[in-house]
Amino acid sequence: MSEFHDDFPSYETLAHHSEEEGKTKRKKLWQVFWIMLAITLVELYIGFKVADWHLTGTFTIKFIFITLTIVKAAYIVLSFMHLGDEDKSFRYIVLIPFCVFVIYLVTLVDISEGTYSKAGRYGLDENVIKQKQDQLNNKSSHDTDHKSQSH
């Protein structure tokens, strides 16, 4: 009796492949796993060493991480979505717009968000400065009143 007590066929029946074909598919799955693990370990190593290499926040490190991420995403699409089994031209038709879109998004974020943070990085908003000054003035006047009452 099956675990779920239903009449649904088992995986082997639905897969329509032999044990040899199953071994080939499992081998491919493990190959994908090890390649993805290797790329992830490279990313982690670079992430831990970036400060030692004095590359923090540089274009080079951003480019490396974005490139490795695109490689991982493309490999997932090629492997798990069976795009790797298609014609070479069809692979390019799918992958090139994806890569162009990612480059567009990165550029957009770098131009709009990057310049926003650079502009306000060293300057404070006048309202924040005024509020802080008011807090300091209120505190000093409160301390002065407190001292005069205690004498």
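Brief remarks on what is shown
- Identity of the residue in region 95-121, modelled with pLDDT under 80 and surrounded by 11 or more Cβ atoms within 10 Å (Cβ to Cβ), that ends up nearest to residue 63 (Cα to Cα): 110
Residues checked against (1) assigned by TED's automatic domain parsing to the domain that holds residue 100; (2) among the aromatic types (Phe, Trp, Tyr); (3) surrounded by 13 or more Cβ atoms within 10 Å (Cβ to Cβ); (4) in a helix (DSSP H, G or I):
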| residue | (1), (2), (3), (4) |
| --- | --- |
| 38 | yes, no, no, yes |
| 56 | yes, no, no, no |
| 60 | yes, no, no, yes |
| 68 | yes, no, yes, yes |
| 71 | yes, no, yes, yes |
| 77 | yes, no, yes, yes |
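The values are calculated or read from the model by the stated rules, or taken from the named source; none is laboratory data. Worth saying up front: this structure is predicted, and the values here are computed from it rather than measured. Backbone-built Cβ (ideal geometry, glycine too); neighbour counts: all protein chains shown.
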